[in-house]
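**Q** Okay, here's the structure, questions in a sec.
Derivation of every value follows stated rules applied to the coordinates shown; laboratory data play no part. Since this is a predicted model, take the numbers as computed values, not measurements. Ideal geometry is used to build each Cβ from the backbone, glycine not excepted, and the neighbour counts take in all protein chains shown.
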Amino acid sequence: MRARSLSFAEARAAVLAAVTPLPPETVPIAAARGRALRRAILAAHDLPPFANSSMDGFAVRSADLDGASAAAPRRLPVVAVIPAGRVALRPLAAGEAMRIMTGAAIPEGADAVVPFEDVERSDPAAAGEQVLIPRPVRAGESLRAAGADLRAGAVALAEGRELSVHDLALLAALGEPRVPVGPRPRAVVFSTGDELLEVDEPLRPGAIRDSNLLLLTQMLEECGAVVARAERLPDDAARVGARVREALAEADVVLTIGGVSAGDFDPVKDSLAGLGAIELWRVAMKPGRPQAFGAPGGRLFFGLPGNPASVACVFEALVRPALRKLQGHAALDRPRIPVRATEAIHSRAGRTDFIRATIERRGDAWWALACGEQISGHLTPQSRAHVLAVVPEEMARVEAGAALEAIVLRWPDAG
């Protein structure tokens, strides 16, 4: 099977064109954190649903306090007490006050609240409680109007939004106990290679511990997928092909690690002919040039290179956006920020490079510095990196101080 050559932009477009979002499922809001909302939520009522006090104090008519001062305070009888969760039994009449607690509904007739600390009070337990108010108030003072937060009928949350804990609190306040969200895609991962050891195995000549299987399963779960199976396979094309075929019958996305290059022992490459609708790719990106991709029967297949940096980079640049589209997210990528190159970066025209870099703030700009040698087999740069600085295909060299865009993997530690 001959490999197809693509630019990075062509590869990304082909991947996303093959993705159809999975049908939504309805879940309790307590299970919806991080999920993609699949229907816009309109506010069924105002928030807050009624005018309420923002302070413990006295509900009053502002007109009753016109001209009030320390020298000439207004004395008002306190005719009722309104705790939160209760409503006044009658409207507030002119020349009266009602003691009110934070969050309690403003009684009809009142248009302001004077905080306790601004007044002189008689004994609240004594008969005929009165309050002395030494200043005027404006209408609306210390109260929260109905709908001040959100009006009935307004869009509370847009379709495709990734639901945060704060979004869930908003849904609870609006009386939305269940919401439609994108399902978690089922993923199966195969790590190939006779040289791979378990994490707890001692090293032996020619063998290395398999870090990629852990890396990819964790990245999948972080992106919202459910890893149904993660398995290590030998360099046996027949066995790899059989296992991939089985996985494509049960999973939404199947990923293999390694075995897609031009070597003599590349089991994924050698097994693709019998799988159908999957191509070998040579993508003009670094790291991550050798790949395989297809969507047989609508199931996604990604054949990733075997080097750790390539696994991580191809996942961030191509797999992650596909998984988020599969779930129905509106935003497919991590946040991106403008950065400046601390040092010159050598690239090649016609290729998109992803540079593992740290960032630091200098004045009003972020400056990116490559994390050591950009060797695809090295793990430490990925562990250190804050961003992937993107060198576009039209740039053969990035001069120190040049502007780039960077994909944010994590923010620098504070302090």
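**Q** Assigning unit charges at the beta carbon (Lys, Arg +1; Asp, Glu -1) and nothing else, what dipole magnitude in debye, to the nearest 20, does the range 52-144 show about its Cα centre?
**A** For this selection, approximately 140 debye.
**Q** Can you compute the helix-only [θ] at 222 nm over the chain? Use -39500 (n - 2.57) per DSSP H run of at least 4 residues, normalise by all residues, nearest 500 deg cm²/dmol.
**A** -4500 deg cm²/dmol
**Q** Which one, 282, 86, 161, has the greatest fluctuation when you compute a Gaussian network model over the chain with C-alpha springs under 10 angstrom?
**A** Taking springs between Cα atoms under 10 Å, the residue moving most is 86.
**Q** Extension gain residue 164-residue 273, at 0.36 nm per residue separation less the Cα-Cα distance, in nm?
**A** The residue 164-residue 273 span can extend by a further 34.9 nm.
**Q** Which of 260, 57, 43 sits closest to the plus end of the dipole of the chain, meaning its Cα is farthest towards the positive end, when Lys and Arg get +1 and Asp and Glu get -1 on the C-beta?
**A** My answer, from the dipole projection, is 260.
**Q** Related question: Could you pull out every residue, at least 5 positions away or on a different chain, whose amide H is within less than 5 Å of the one on residue 186? Hs are placed 1.01 Å off N in the peptide plane, and Pro or chain starts have none.
**A** For residue 186, whose amide H was placed from the backbone, the distant partners under 5 Å are 226, 252, 253.
**Q** Rounded to the nearest 0.05, what FRET efficiency do residue 42 and residue 208 have when you use their Cβ-Cβ distance and R0 = 56 Å?
**A** The computed FRET efficiency comes out at 0.55.
**Q** First measure r as the distance between the Cβ atoms of residue 154 and residue 1, then evaluate 1/(1 + (r/R0)^6) with R0 = 56 Å and state the FRET efficiency to the nearest 0.05.
**A** Using R0 = 56 Å, I get an efficiency of 0.55.
**Q** What fraction, in whole percent, of alpha-carbon pairs in the chain exceed 27 Å separation?
**A** 64 percent
**Q** Taking H placed 1.01 Å from N in the peptide plane, check which residues at least 5 places from residue 232 or on another chain put their amide H under 5 Å from its amide H.
**A** Correct list: 191.
**Q** Compute the distance from the alpha-carbon center of the range 205-252 to that of the range 349-408, in whole Å.
**A** Distance between centres, Cα-based: 29 Å.
**Q** Report the one residue of 321, 238, 109 whose Cα lies farthest in the direction of the positive end of the charge dipole of the chain (charges on C-beta: Lys and Arg +1, Asp and Glu -1; origin at the Cα centre).
**A** Checked the options; the winner is 238.
**Q** Moving on to the next point. For the chain, with the dipole built from +1 on Lys and Arg beta-carbon atoms and -1 on Asp and Glu ones, taken about the Cα centre, which of 187, 281, 377 lies farthest toward the positive end?
**A** Positive-end residue among those listed: 281.
**Q** Going by how many other Cβ atoms sit within 10 Å of their own, how do 102, 380 line up, fewest first?
**A** Lowest to highest Cβ neighbour count: 380, 102.
**Q** Moving on to the next point. For a footprinting-style exposure proxy, rank 371, 313, 223 by other Cβ within 10 Å, fewest first.
**A** Going from least to most buried by this count: 371, 223, 313.
**Q** Further question: Give, to the nearest whole percent, the P(r) tail of the range 305-415 beyond 17 angstrom, counting all Cα pairs.
**A** Every Cα pair in the range 305-415 considered, those over 17 Å come to 55 percent.
**Q** Here's another thing I want to ask about it. Where in the range 175-255 are there trypsin sites (Lys or Arg not before Pro) that are in a DSSP coil and have at most 16 other Cβ atoms within 10 angstrom of their Cβ?
**A** In loop regions of the range 175-255 (DSSP not H, G, I, E or B), there are no sparsely surrounded trypsin sites (Lys or Arg not before Pro).
**Q** Related question: Taking θ = phi - 60°, what integer Hz values does the Karplus form 6.51 cos²θ - 1.76 cosθ + 1.60 yield along the range 201-214, in sequence order, with x for Gly and Pro?
**A** Result, ordered by residue: 7, x, 5, 9, x, x, 10, 9, 6, 7, 8, 5, 5, 5 Hz.
**Q** Treat the count of other C-beta atoms within 10 Å as a stand-in for reagent exposure and order 191, 211 from fewest to most.
**A** 211, 191
**Q** Further, regarding this structure: Give the distance, in whole Å, between the Cα centre of the range 4-35 and the Cα centre of the range 114-143.
**A** Spelled out, the Cα-based centre of one part sits 58 Å from the other.
**Q** Continuing with the same structure: Ratio of the range 52-144's C-alpha Rg to 2.2 N^0.38 Å, to two decimals?
**A** Expressed relative to 2.2 N^0.38 Å, the Cα Rg reads 0.95.
**Q** Let me know the Rg and Dmax you get for the range 1-109 when you use only its Cα atoms, in Å.
**A** Cα radius of gyration and Dmax of the range 1-109 are 29.1, 95 Å respectively.
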